[in-house]
Amino acid sequence: MLNLQEVKEAIDHLSREELRELREHVENRFVEILTEHPVSPEERIRRLDAAAKAMREGLTKEEWEAVEQAMNEEYIEPWDESEWTD
């Protein structure tokens, strides 16, 4: 595996098209890294369960059912990207 200095030196020998491809690759990788979640799926589920429990505390069964019904009733049309493109 190359170290960072060797990678930089190798980049100096790339063509314009190769540099464009490399830049695209690096940008895609950067997005992947930014979207990775630092917390495991199991921990996220545990936190969601705890948050849901905290939301329900202090509500009667009827109040919670009303909240649940309201969340399930509203319909939001899915985003259609083609509406905004030429």
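Here are the numbers for this structure:
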{"item": "Selected residue (only one of H13, H25, H37 is loosely packed, with under 10 Cβ neighbours inside 10 Å and either among the acidic types (D, E) or within 24 Å of the chain's Cα centre (by Cα) (or both))", "result": "H37"}
{"item": "Where H13 falls short, out of the listed (1) of a type outside the set (A, V, I, L, M); (2) outside any loop (DSSP other than H, G, I, E, B); (3) at pLDDT 90 or above", "result": "(2)"}
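Table: residues versus (1) part of a helix (DSSP H, G or I); (2) among the acidic types (D, E).
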site: E18; (1), (2): yes, yes
site: V31; (1), (2): yes, no
site: R44; (1), (2): yes, no
site: A54; (1), (2): yes, no
site: W64; (1), (2): yes, no
site: E68; (1), (2): yes, yes
site: E77; (1), (2): no, yes
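The values are calculated or read from the model by the stated rules, or taken from the named source; none is laboratory data. Computed from a prediction, not measured in an experiment: that's the story for all the values here. Glycine gets a Cβ as well: all are built from the backbone with ideal geometry, and neighbour counts include every protein chain shown.
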